[in-house]
Amino acid sequence: DVKVTQSSRYLVKRTGEKVFLECVQDMDHENMFWYRQDPGLGLRLIYFSYDVKMKEKGDIPEGYSVSREKKERFSLILESASTNQTSMYLCATDLTGTGREKLFFGSGTQLSVL
Amino acid sequence: GENVEQHPSTLSVQEGDSAVIKCTYSDSASNYFPWYKQELGKRPQLIIDIRSNVGEKKDQRIAVTLNKTAKHFSLHITETQPEDSAVYFCAAHSKAAGNKLTFGGGTRVLVKP
């Protein structure tokens, strides 16, 4: 079974802090994704990675960066957290391992920026 | 890029009735359309999908239909049960528009016993 683990379920940070959200998958999958979920806006793609050290911007990359030093780990970085980044963050990989269609999500991290 | 609109945003049905959620997409190159279900406090999970070379697909009480000409697709849930209460998301995938999934805004479905 695919397993996608996000390190924190809830996180509270202050405006201006640097925030790291961690995601680990155990299936040696190529593609990993970071989405944010906001009521009424659905899931919006922030960044994705198709290989180690490779990344592509999604639809809303502003204010975020990512890191993929190892294949199993994909980190989302908020360089200077702002209140409008309060959201649910979901990491995902593709069920097939190589595609970008059938996503399997982690449990999510609810981030509050005060 | 792709734009996916989903309606309604909330849907309340009586147990046993049918529920229908509709989505429209903008990119005619989109060719894969999945539906995700997210129960309260849980992760979104893929429940059914359809490709552009198929007009309809069924899996027990759920079905999806696709109208490529009109660029819309729908999720149908028959004989609704309380465990169908969740938020449902449609999505469209286009290899031409960044090779990624674009999601609709979600529909909160409440099945009243």
Q: With θ set to phi - 60°, apply the Karplus curve 6.51 cos²θ - 1.76 cosθ + 1.60 along segment A:48-56 and write out the HN-Hα couplings as whole Hz, x wherever there is a Gly or Pro.
A: 9, 9, 10, 5, 4, 6, 10, 8, 9
Q | Share of carbon and sulfur in the accessible heavy-atom surface of segment A:41-114 [1.4 Å probe, %] | A | 51 percent
Q) Roughly how compact is chain B, stated as its Cα Rg over 2.2 N^0.38 Å to two decimals? A) 1.02
**Q.** Summed buried accessible surface, chains A and B, 1.4 Å probe, nearest 100 Å²
**A.** 1700 Å²
(Q) Once each part is reduced to its C-alpha centroid, what is the distance from segment B:12-39 to segment A:62-82 in angstrom? (A) 31 Å
Q: May I ask for the Kirkwood hydrodynamic radius of chain A, worked out over all distinct Cα pairs and given in angstroms to one decimal?
A: 13.9 Å
Q: Using only the C-alpha atoms of the protein assembly as shown, find the volume of their convex hull and express it per residue in Å³.
A: 118 Å³
Q. Binned at 5 Å from 0, what are the whole-percent values of the Cα-Cα distance distribution for segment A:47-114, short to long?
A. 3, 15, 23, 28, 18, 9, 3, 0
Q.
Given contacts defined as C-alpha pairs under 8 Å and at least six residues apart, what's the relative contact order of chain A, whole-number percent?
A. 36 percent
Q: Would you mind working out the accessible area per residue for segment B:27-113, using a 1.4 Å probe, and quoting it in Å²?
A: 47 Å²
Q: Taking 50 Å² as the minimum loss, tell me which residues in segment B:33-58 lose that much accessible area going from the chain by itself to the full protein complex (1.4 Å probe).
A: B:Arg43, B:Pro44
Q. Taking the Cβ-Cβ separation of A:Arg44 and B:Arg51 as r and a Förster radius of 30 Å, what is the calculated FRET efficiency to the nearest 0.05?
A. 0.80
Q) Of all accessible surface on segment B:1-95 at a 1.4 Å probe, what whole percent is carbon and sulfur? A) 45 percent
Q. How would A:Leu41, A:Leu114 line up by accessible area, probe 1.4 Å, largest first?
A. A:Leu114, A:Leu41
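The values are calculated or read from the model by the stated rules, or taken from the named source; none is laboratory data. Treat the numbers as computed from the prediction; the structure is a model and nothing was measured. FYI the Cβ positions are ideal-geometry reconstructions off the backbone, even for glycines, and counts take in every protein chain you see. Heavy atoms of the whole protein, side chains included, go into the accessibility calculation; ligands, DNA and RNA do not. Shrake-Rupley method; radii C 1.70, N 1.55, O 1.52, S 1.80 Å.
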